[in-house]
1. Report the residue count in the stretch 183-202 for those that are crowded, with 24+ Cβ neighbours inside 10 Å and either part of a loop (DSSP other than H, G, I, E, B) or aromatic (Phe, Trp, Tyr) (or both).
2. Report, ordered by the first and then the second residue, all pairs with beta carbons closer than 9 Å, sequence separation of six or more or different chains, a first member in the stretch 51-64 that is touching a residue at least 12 places away in the same chain (Cβ under 8 Å) and closer than 20 Å to Gln11 by Cα, and a second member that is assigned to a loop (DSSP other than H, G, I, E, B) and of a type in the set (D, E, K, R).
3. Restricting the first residue to the stretch 167-189 and requiring it to be closer than 19 Å to Glu95 by Cβ, which pairs with a second residue that is charged (D, E, K, R) meet a Cβ separation below 6 Å and a spacing of at least six or different chains?
4. Please indicate, with yes or no, whether at least one residue in the stretch 25-42 is of a type in the set (Ser, Thr, Tyr), more than 24 Å from Ser188 (Cβ to Cβ) and in the same structural domain as Ile162 (by TED's automatic domain parsing).
5. Do the conditions hold for Arg256, that is, is it outside any strand (DSSP E or B), at pLDDT 95 or above and more than 22 Å from Ala108 (Cβ to Cβ)?
6. Out of all the residues in the stretch 27-50, which are surrounded by 14 or more Cβ atoms within 10 Å (Cβ to Cβ), part of a loop (DSSP other than H, G, I, E, B) and touching a residue at least 12 places away in the same chain (Cβ under 8 Å)?
7. Quick one: would you say Asp156 is more than 15 Å from the chain's Cα centre (by Cα) and at pLDDT below 95?
8. Go through the stretch 213-236 and give me each residue that's in contact with a Pro (Cβ under 9 Å, 6 or more places away or on another chain) and not basic (Lys, Arg).
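The values are calculated or read from the model by the stated rules, or taken from the named source; none is laboratory data. Source: prediction; values computed, not measured. Counting neighbours? That spans all protein chains shown, and the Cβs are built from the backbone with ideal geometry, glycine included.
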Amino acid sequence: MLELYQWELSQYSEKVRLILDYKGLNYRKIEVTPGIGQVELFRLTGQKQVPVLKDGGRYIVDSTEIAKYLDLEYPDRPLIPTDPKKRGACLLIEEWADESIGIKGRKALFAAISQDQNFRKSLLPTSTPDILKTLIEGVPRDFLTVLGVGVGYSPDVIKSAIADLKQDLEALTLLLADSPYLLGDEPSLADLAVAGLSIILKFPEGPYLDLPASLQGKGVPGLADNPDYAPFFEWRDRLYSQFRKPIIGTSPSASRPTSIQID
């Protein structure tokens, strides 16, 4: 069985989960423990980041490389069109989504976490002990601001990222105005990348992530609750209802992640 080494709230991990579900592939989610788990991941693959897909004795790193590998080894329900123009557009949109929504979305989510202690607490997995939830809820906002500056998330950087994301969401809304998918009548890697990476802007409606039900449909203020972008998120949630397997009522292989040390 395929194994996905992941973090539950990694939008790049979610991109791969959506791809695997779209292709109808059974897989087991393995949550990589920050620190020691990443060291083991580096030992196996030469890098510490998730997602990593294990197929038999092979380890495939990076969400884009995983998508290409799956299309090659599991060709049913192809991700990348064969038509040259659509193929080019698909790969271009997928790369843009990684660099724009993926990276800037983290900055926007950091801002939301910094400003709202209840949101910060609710983002923790449901299995988090109450005492740890209380500690995280009580982290001062000023401390998080200083922490953000230290990792390159200064207020100006975050403001710029949110402005760019607003433009991105406007553009995506326009592209989808008269088309069911970004490249026309059939879904592609472009759709799955954009949809999966957008989870940290607004969490999908439905039990797709190990998060409290109260967070479904919630997200970054100014983006998740902006009526101008509602058509985009409605499209995203329709895509999820079509292809993404919910946690509740699924087979164990595609439900909640198993936290283990990497062999």
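1. Total satisfying the criteria: 1.
2. Correct list of pairs: Pro51/Asp62; Val52/Asp62.
3. Tyr181/Asp191; Leu182/Asp191; Leu183/Lys86; Leu189/Glu94
4. Checked against the condition, which is being of a type in the set (Ser, Thr, Tyr), more than 24 Å from Ser188 (Cβ to Cβ) and in the same structural domain as Ile162 (by TED's automatic domain parsing), the stretch 25-42 yields no hits at all.
5. No; evaluated as a whole, the condition is false for this residue.
6. Selection gives Val32, Thr33, Gln49, Val50.
7. Judged against the criteria, Asp156 is a match.
8. Of all residues in the stretch 213-236, those in contact with a Pro (Cβ under 9 Å, 6 or more places away or on another chain) come to 213, 216-217, 233, 235-236.
Result: Ala213, Gln216, Gly217, Phe233, Trp235.
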